[in-house]
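A quick write-up on the structure given underneath.
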Amino acid sequence: MKFIQTGTFNENYLKEVMDFKLLDSIENMYLAKLDYFIGFVIKEKPEIIMDYINNLTRKYQGLVEEDFVKKISGEIEKIITKCKNLKQYHDLNKVALNYFVHLLELKDTNAWETSEVQITRKALIKAWIYHSYYFLETLTETIDRTEAMKLFKRYITHYHLDHPSPNREKFVSLEKRFEERTTGDTTSSEWVIVHTMLEDGKYAFKNKNCPTLVDTMKDLTDVELKYLVCCYGDYEAFRANSSDHIILTMEHTLMQGDSYCSRVLHDTRIDYDLRHPPKEFWDNFESGNEKEAKKYYKK
């Protein structure tokens, strides 16, 4: 059992500026997810859909003071037309698009639709994830909070089941995944992670930072909702993006205030023992500290 750390802390990661084309991204980043979620609510709780649509429309209206989208253009209309659930709610379409543009924090708000713009990485991540937080928050304001969270869990699981990675067929084994992540250029990533193969078919890794979601979402206050939006989906995502035989266990997350995220990917074709190593193992899971950590790892 050898521990290998990869990645380098980058304090300026979220401040980096990048080129962005809204029309190339808005469907996959935003509208398709909103459309899927509305369809899921219609299927699971049709009796609340109009209350939910009205509440979400008001939510977005309250989050943005400026009107960036005075009229939905033909190109945007084509994208919305493909959204079989969303397209029937015109008012929600407009305020949802307006909120998306607001999140990009553009210096020039006149050319967002037709031109390539420059945005910070933090703005990109907000545009990618904040809407899901408000999907869920609005749901908790429409129905009982516990019921809303259960419904959202089912939604995010089904979303990943229905949207597996196009590279899924390339998955070979966890040993191969470990090798790919710990060889070659191991310093350029902003994600600082410690990796090891606990045993055959058990790949453990500890995230020491989350330069994207945790750092970006600090101004959102509901930790329980942030965890569901940002972390809960990983359980199904790892399986959907690799193999039906792969199961994730995770007991600590940075999003919930822990000092790391503890994760193990288990290949159930090799071993169906899904016990997660104890906290003492993860506390000592550092490169060069293999001997101490092994005291706490129990097969």
- Restricted to the stretch 61-85 and to residues being at pLDDT 90 or above and part of a helix (DSSP H, G or I), the residue least open to solvent (accessible area, probe 1.4 Å) is Leu63
- Query: What are the residues in the stretch 214-225 that are open to solvent by 20 Å² or more (accessible area, probe 1.4 Å) and closer than 19 Å to Tyr155 by Cβ, if any?
  - Reply: Asp222, Glu224
- Item | Hits in the stretch 157-176 (condition: of a type in the set (D, E, K, R) and free of Cβ contacts under 8 Å to residues at least 60 places away in the same chain) | Glu169, Lys170, Glu175, Lys176
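Scan the stretch 179-189 residue by residue and report those that are open to solvent by 40 Å² or more (accessible area, probe 1.4 Å) and either among the charged types (D, E, K, R) or touching a Ser or Thr at 6+ places or on another chain (Cβ under 6 Å) (or both).
Glu179, Glu180, Arg181, Asp185, Thr187
Within the stretch 183-205, is there a residue that is among the basic types (Lys, Arg) and under 27 Å from Lys126 (Cβ atoms)?
The first filter runs over the stretch 183-205 and keeps only residues among the basic types (Lys, Arg), leaving 202.
Checking the rest, the ones that are also under 27 Å from Lys126 (Cβ atoms) come to none.
No: the stretch 183-205 contains no residue that is among the basic types (Lys, Arg) and under 27 Å from Lys126 (Cβ atoms).
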- Restricting attention to the stretch 199-213, and to residues there that are assigned to a strand (DSSP E or B), surrounded by 18 or more Cβ atoms within 10 Å (Cβ to Cβ) and of a type outside the set (Phe, Trp, Tyr), which single residue is nearest to the chain's Cα centre (by Cα)? Asn207
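To keep it simple, each residue is scored yes or no on (1) surrounded by 12 or more Cβ atoms within 10 Å (Cβ to Cβ); (2) over 20 Å from the mean Cα position of the chain (by Cα); (3) of a type in the set (Val, Ile, Thr).
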| site | (1), (2), (3) |
| --- | --- |
| Ile4 | yes, yes, yes |
| Tyr13 | yes, no, no |
| Asp19 | no, yes, no |
| Ala32 | yes, no, no |
| Phe37 | yes, no, no |
| Ile48 | yes, yes, yes |
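Just checking, does the stretch 265-286 include any residue being closer than 30 Å to Thr138 by Cβ and not hydrophobic (A, V, I, L, M, F, W, C)?
no
Kindly check whether there is at least one residue in the stretch 226-243 that is over 16 Å from the mean Cα position of the chain (by Cα) and not basic (Lys, Arg).
There is at least one residue in the stretch 226-243 that is over 16 Å from the mean Cα position of the chain (by Cα) and not basic (Lys, Arg).
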- Message: I'm trying to understand the selection: among the residues of the stretch 137-150, which are farther than 16 Å from Arg58 by Cβ, out of contact with any Ser or Thr (no Cβ under 6 Å at 6 or more places or on another chain) and assigned to a helix (DSSP H, G or I)?
- Response: Arg145, Thr146, Glu147, Met149, Lys150
- Considering residues that are polar (S, T, N, Q) and either out of contact with any strand residue (DSSP E or B) (no Cβ under 9 Å at 6 or more places or on another chain) or assigned to a strand (DSSP E or B) (or both), the number found within the stretch 244-273 is 3
- Message: Need the failing condition index for Thr186 against (1) touching a residue at least 60 places away in the same chain (Cβ under 8 Å); (2) in contact with a helix residue (DSSP H, G or I) (Cβ under 9 Å, 6 or more places away or on another chain), just the number.
- Response: (2)
- If you go through the stretch 155-171 one residue at a time, how many are surrounded by 12 or more Cβ atoms within 10 Å (Cβ to Cβ) and either hydrophobic (A, V, I, L, M, F, W, C) or assigned to a helix (DSSP H, G or I) (or both)? 9
- Of (1) charged (D, E, K, R); (2) exposed (fewer than 13 other Cβ atoms within 10 Å of the Cβ); (3) free of Cβ contacts under 8 Å to residues at least 24 places away in the same chain, Arg58 fails just (2)
- Might you check whether a residue that is loosely packed, with under 13 Cβ neighbours inside 10 Å, among the small types (Gly, Ala, Ser) and over 22 Å from the mean Cα position of the chain (by Cα) occurs anywhere in the stretch 113-121? yes
- Message: Taking the conditions exactly as written (open to solvent by less than 100 Å² (accessible area, probe 1.4 Å), within 24 Å of His163 (Cα to Cα) and modelled with pLDDT of 90 or more), does Glu44 satisfy them or not?
- Response: yes
- Query: Limited to the stretch 274-295, what total is found for residues that are assigned to a loop (DSSP other than H, G, I, E, B) and loosely packed, with under 14 Cβ neighbours inside 10 Å?
  - Reply: 7
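The values are calculated or read from the model by the stated rules, or taken from the named source; none is laboratory data. Please read all numbers here as calculations on a predicted model, not as lab measurements. Positions of Cβ are generated from backbone atoms using ideal geometry, with glycine treated the same way; all protein chains shown enter the neighbour counts. Surface areas here come from the heavy atoms of the whole protein model, side chains and all, with no ligands, DNA or RNA. Shrake-Rupley method; radii C 1.70, N 1.55, O 1.52, S 1.80 Å.
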